[in-house]
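Right, one structure below, let's go through it.
Bear in mind these aren't lab numbers, they're just calculated from the coordinates by the rules spelled out. Worth saying up front: this structure is predicted, and the values here are computed from it rather than measured. Note that each Cβ is placed from the backbone with ideal geometry, even for glycine, and that neighbours are counted across all protein chains shown.
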Amino acid sequence: MVDVLIVDDEPPFRSVARIVVGLVGGRTATAEAETGEDALSLVASTHPEVVLLDMNLPGVNGIEATRQLLAAAPGTTAVLMCTYSADDLPPDASDCGAVAHLGEEDLTPSALRALVAS
């Protein structure tokens, strides 16, 4: 099983993301966080293989959290989630190490499968 950490400050979105992850065979949502700081702590303690991060988190935002978690756990796959279109992403989103930037409304089992190989 591939462990997935879901990081978003909105409980309804975390719930939906948990369901989507559950629909992708071979993956399980093992932890959730509301802030970038919590995500960094959970990465250190749970060692997830995949982290889905909201770009706009309170405190350490998703872009900076991605940089820090990949420095601490380089084998982790990070996917940044946002409500922005690709043209409206902040400039530093493209060089933080995330494998992709996915619109929150585009998180589907097939999209997740395509982004994260088994």
Test result for E64, among the acidic types (D, E) and under 19 Å from I19 (Cα atoms): no
Looking at region 43-66 only, could you name the residues that are under 12 Å from the mean Cα position of the chain (by Cα) and either more than 20 Å from L107 (Cα to Cα) or of a type in the set (A, V, I, L, M, F, W, C) (or both)? V43, V50, V51, L52, L53, M55, L57, I63, A65
How many residues of region 78-105 are surrounded by 17 or more Cβ atoms within 10 Å (Cβ to Cβ) and either more than 14 Å from the chain's Cα centre (by Cα) or under 22 Å from P11 (Cα atoms) (or both)? The answer is 8
Taking region 38-68 and keeping residues in contact with a Leu (Cβ under 8 Å, 6 or more places away or on another chain) and in a loop (DSSP other than H, G, I, E, B) leaves P48, M55, V60
Can you tell me how many residues within region 86-117 are in a loop (DSSP other than H, G, I, E, B), aliphatic (A, V, I, L, M) and under 26 Å from L23 (Cα atoms)? 5
Those residues of region 1-22 which are part of a strand (DSSP E or B) and under 14 Å from V79 (Cα atoms) amount to D3, V4, L5, I6, V7
Please determine, by comparing only the residues of region 30-42 that are over 11 Å from the mean Cα position of the chain (by Cα) and hydrophobic (A, V, I, L, M, F, W, C), which one is nearest to A111 (Cα to Cα). A31
For region 23-37, which residues satisfy the criterion of being part of a loop (DSSP other than H, G, I, E, B) and of a type in the set (V, I, T)? V24, T35
Here is a list of conditions, (1) out of contact with any Asp or Glu (no Cβ under 6 Å at 6 or more places or on another chain); (2) without any contact (Cβ under 8 Å) to a residue 40 or more places away in the chain; (3) not hydrophobic (A, V, I, L, M, F, W, C), and E104 meets all of them except one; can you say which number that is? (2)
Cβ pairs under 8 Å, 6+ apart, first in region 57-69 and without any contact (Cβ under 8 Å) to a residue 40 or more places away in the chain, second acidic (D, E) and assigned to a helix (DSSP H, G or I): G59/E37; V60/E37; I63/D92
Which ones in region 51-66 are surrounded by fewer than 22 Cβ atoms within 10 Å (Cβ to Cβ) and under 14 Å from D8 (Cβ atoms)? N56, P58, G59, V60, N61
